Amino acid sequence: MNKLTMALAGNPNAGKTTLFNALTGARQHVGNYPGVTVERKEGAYQRGDFNAVVVDLPGTYSLTAYSEEEVVARDFLANEKPAVVINIVDAANLERNLYLTCQLLELKIPLVVALNMMDVASDRGMEIDVENLSAFLGVPVLPIVARSGKGLDELMAAAQEMAEGRLSPPDPAKVRISYGDDVDQALLTMTRLIRDQGLLKGKYPSRWIAVKIIENDEALIKEVNEDSLELGIRLLQEADIVAAHLMKTFDTYPEAVIADHRYGFIKGILKRGIITHRYDENRLYTSDKIDRVLTNRFAGPLIMLAVLYSIYQITFSFSTLPVAGVEAVFGWIGGLVEANLGDGPLKSMLVSGVIGGVGGVLGFVPLIMLMFFCIAILEDSGYLARVAFMMDRVFRMFGLHGSSVMAFIVSGGIAGGCAVPGVMATRTLRSPKERMATLLTVPFMNCGAKVPILALLIGAFFAQHQAFYMFGFTILSWIVALVAAKLLRLTVLRGEPTPFVMELPPYRFPTFNGLMIHTWERTWQYIKKAGTVILAISILLWAMMTYPGLSPEKEAVFVQERDRIATLYEVGNETGDKLLQEVDNQQEGAVLRNSFAGRIGVGMEKVTWLSGFEWRTNIALLGGFAAKEVIISTLGTAYSMGETDPEDAGSLGDRLAADSAWSPLVAMSALIFMLFYAPCFVTVVCIAREAGSWNWAFFSIIYSTTIAFILSTGVYQVGRILGF
Amino acid sequence: METISLRRMAKNQRGTITAVRVAGDLGRRIRDMGLVTGTVITVQGRAPLNDPVALRIRGNTLTLRNNEADFIEVEVEN
Ligand SMILES: Nc1nc2c(ncn2[C@@H]2O[C@H](COP(=O)(O)OP(=O)(O)OP(=O)(O)O)[C@@H](O)[C@H]2O)c(=O)[nH]1
Ligand SMILES: [Mg+2]
């Protein structure tokens, strides 16, 4: 049997996904800000022996689509003809939510209204006369609390009846909204024309088409013209006549008249005793009182900084132990392999490539989890929308949007984030240009993998002013990101800023379940990447740094040297062991220089000498493209230290400080390059996916590397002239 | 009674929208969000740099930028 489709439609943030999860047992992303769901999701629903497919749609304020994800919702409703549409309506914001309901009614699709957030409404002292509302709208209206599951049974019983055709769809006579004499007259003429010629028959009701044409809905007008250009022109003429008339007599637009009348219709219904307020209607709700403090013009930004800073504090202080724990586990596994496998390529690959590479990345899992947990709290409570509100002005100066802020913070705006979820967070941006600009600049932030690099080099070369340099580099990364965004918006991504008409949802207590879903969903993505991409790259990198190995003659030199030391000292003698270790290190260095990676590194010196980097640094930079964590472990190997633990880089720091190829000026130049050059491989893959093309991903690599190179060369050359 | 642009309203001031003078996408967005003629709004506050502005409308909060607020005319009591 063909399964029936039930679609969930409604305003953004009305609770569609919460209901979807409750019905299907899915674990889709729920968040307390508008526009969380950006693509449609399907799930199976069963009730007794009734089976259906439930479709969760992106939220939409109106059927005249405004942004891309709203088009998804509208196209689905119009083209796929679901057996029933469950319209989720926020009871605490009834008037605005019914605006969409009116349009769904005009579309004459089988409709059931789910009056959600009844708990919020009753907290606010609102009582809603559900039966009368249902009578006025001409469709079933069922009160629910999607979050607790209250009322779902009754709702789904009604939805099933409607889907199976046992309830009649909306009665058009009952809900015919009058748009005033002038518009109504034009609608009458147009509807007749449409009906007579069977325009888009079976797809939309005739009157609905007429209304949309007068509303100047471009997508629909295009559809009409494709069906019949002649009639389309005729209809547009009619629409132009009313428009001109309205402008002349009332100084207003037809779409304004239509919106006014729709809201008038809703007000007319609600006035008839549908809502009773137990308290004064203008009373401030708890949420408003919280906002008085949190978005206060003076206290607001300070609190925001404090909140962001404490996230940083919490993640770093609480994750130190677990991170060390995970690393100990990998160290132990490495030790096991070391002890139980014979020397050879397999062992070397497992220890340096697999365990070193993947383990280094997985070591950050506890930190990442904690960070995502904190961000989930911000997201589910509704604070995020406030951050966007407060930061919009600053971001707009640089061609970005208030909603870009979160992507920046997730990526490491306070140091210690990750650009991968940051890049994904750009989905909430409505304008493709602003979104691209955000997408391309968030990788400049100091992600968790760059923090150890900063710690290493600052510790080695600028030890007296560590905090100052750390802070300075954080600020620098913001400046570079914002300026780069501005440049992009002035060149390849030129375009007008998009409006910031946004609702601030009421603060809500995050649910435990919701927090867990968020944290786990994102952490799992990170782990999955470590197990796939990073694993592959680590092995590749290991091979490139190991092969082709030394020629037999060169190898023989080291063997001779070892033999010489062995004859001079007894086994177990301290000086002898030290010397032997030294020879091992030298041999590793020689292997490295002769390896494919080493040769590439030497070749790169032709360009990188401008910034002051020598071949060993170049290898690390190449490795860092796979994952920034790799920079430290590669530097460690390259500077003859054997295995270097990324967390405990102190001794590597000493080595670098003593090395003739390094100086404070080189360190400064290297840091700048490492912070800003090409995003790591995983981020690039994400950029390609989110931007929808690999061209943007390549662009991202090239432009950021160019910026990094210019900056570091500038610093190095000017520094040299000034005599540093 | 006096009609001013929404941008010029002070914090906590109340008024009734008398016109939304913008067509196209932005106009539609503004109206879809419930800012239509006859709606009573109160300015709840402004962001730290004076822009955007937060409005209380029918018990809920809506934000928009000053250059979007310019299109909205409001009748306020002096
Ligand atoms: N108090 C209360 N909160 C709810 C209820 N249903 C949903 N919420 C909360 O409302 C917020 C929005 O829920 P979502 O399910 O993400 O809303 P949505 O309609 O899918 O939103 P978009 O995907 O952005 O269109 C979340 O914080 C939910 O926890 C309810 O019945 N009562
Ligand atoms: Mg959703």
So which residues in the stretch A:245-267 are open to solvent by less than 20 Å² (accessible area, probe 1.4 Å) and more than 39 Å from the chain's Cα centre (by Cα)?
-> A:246
Residue B:31 passes all but one of the listed conditions (1) assigned to a helix (DSSP H, G or I); (2) touching a residue at least 40 places away in the same chain (Cβ under 8 Å); (3) crowded, with 22+ Cβ neighbours inside 10 Å; the exception is number (2)
Which ones in the stretch A:11-39 are part of a loop (DSSP other than H, G, I, E, B), away from ligand 1 (no atom under 11 Å from the Cβ) and in contact with a strand residue (DSSP E or B) (Cβ under 6 Å, 6 or more places away or on another chain)?
-> A:26
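Within the stretch A:40-63, take every residue that is assigned to a strand (DSSP E or B) and more than 16 Å from ligand 2 (Cβ to nearest atom) and give me the one that is nearest to residue A:9 (Cα to Cα).
First, pick out the residues of the stretch A:40-63 that are assigned to a strand (DSSP E or B): A:41-47, A:50-56.
Cutting the leftovers down to more than 16 Å from ligand 2 (Cβ to nearest atom) gives us A:44-47, A:50-53.
Working: A:44: 17, A:45: 16, A:46: 19, A:47: 20, A:50: 21, A:51: 19, A:52: 16, A:53: 14 Å.
My answer is A:53.
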Give the residue that is farthest from ligand 2 (Cβ to nearest atom), with candidates limited to residues of the stretch A:1-35 that are more than 20 Å from residue A:148 (Cα to Cα) and more than 14 Å from every other protein chain (Cβ to nearest Cβ).
-> A:1
Identify, by number, the condition in (1) open to solvent by less than 10 Å² (accessible area, probe 1.4 Å); (2) within 14 Å of chain B (Cβ to nearest Cβ); (3) more than 16 Å from ligand 2 (Cβ to nearest atom) that residue A:89 doesn't meet.
-> (3)
Assuming residue A:301 fulfils every condition listed in (1) away from every other protein chain (no Cβ under 14 Å); (2) in contact (Cβ under 8 Å) with a residue 60 or more places away in the chain; (3) farther than 30 Å from residue A:126 by Cα apart from one, which condition is it?
-> (1)
Scan the stretch B:49-58 for residues that are buried (at least 17 other Cβ atoms within 10 Å of the Cβ) and either at pLDDT 90 or above or more than 7 Å from chain A (Cβ to nearest Cβ) (or both) and report the count.
-> 6
Check off (1) aliphatic (A, V, I, L, M); (2) surrounded by fewer than 19 Cβ atoms within 10 Å (Cβ to Cβ); (3) away from ligand 1 (no atom under 15 Å from the Cβ) for residue A:71 and give me the number that stays unchecked.
-> (3)
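Conditions (1) assigned by TED's automatic domain parsing to the domain that holds residue A:18; (2) touching a residue at least 60 places away in the same chain (Cβ under 8 Å); (3) open to solvent by 20 Å² or more (accessible area, probe 1.4 Å); (4) farther than 12 Å from residue A:86 by Cα, marked per residue:
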position	(1), (2), (3), (4)
A:113	yes, no, no, no
A:116	yes, yes, no, no
A:122	yes, no, yes, yes
A:132	yes, yes, yes, yes
A:139	yes, no, no, no
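Being away from ligand 1 (no atom under 14 Å from the Cβ) and open to solvent by 30 Å² or more (accessible area, probe 1.4 Å) is true for just one of A:106, A:42. Which residue is that? Talk me through it step by step, then tell me what you get.
Details: A:106 fails: open to solvent by 30 Å² or more (accessible area, probe 1.4 Å).
Step by step, each of A:106, A:42 is checked, and only A:42 is away from ligand 1 (no atom under 14 Å from the Cβ) and open to solvent by 30 Å² or more (accessible area, probe 1.4 Å).
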Would the stretch A:53-65 turn up any residue that is surrounded by fewer than 19 Cβ atoms within 10 Å (Cβ to Cβ) and modelled with pLDDT of 90 or more?
-> yes
If you scan the stretch A:529-559, which residues turn out to be within 18 Å of residue A:601 (Cα to Cα) and of a type outside the set (A, V, I, L, M, F, W, C)?
-> A:538, A:546, A:547, A:548, A:549
Take residue A:178 and decide whether it is in contact with a His (Cβ under 8 Å, 6 or more places away or on another chain), away from ligand 1 (no atom under 15 Å from the Cβ) and away from chain B (no Cβ under 14 Å).
-> yes
How many residues does the stretch B:68-78 hold that are without any contact (Cβ under 8 Å) to a residue 60 or more places away in the chain and either among the aliphatic types (A, V, I, L, M) or surrounded by fewer than 19 Cβ atoms within 10 Å (Cβ to Cβ) (or both)?
-> 0
Can you run down the residue pairs with Cβ atoms below 7 Å, 6 or more apart or on separate chains, where the first is in the stretch A:277-291 and more than 9 Å from chain B (Cβ to nearest Cβ) and within 17 Å of residue A:91 (Cβ to Cβ) and the partner is open to solvent by 90 Å² or more (accessible area, probe 1.4 Å) and not hydrophobic (A, V, I, L, M, F, W, C)?
-> A:278/A:127
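The values are calculated or read from the model by the stated rules, or taken from the named source; none is laboratory data. Since the model is a prediction, treat every value here as computed from it, not as a measurement. Every residue, glycine as well, gets a Cβ built from its backbone with ideal geometry; the counts of neighbours run over all protein chains shown. For the accessible areas, the whole protein counts, side chains as well, though only heavy atoms, and no ligand, DNA or RNA atoms are used. Shrake-Rupley method; radii C 1.70, N 1.55, O 1.52, S 1.80 Å.
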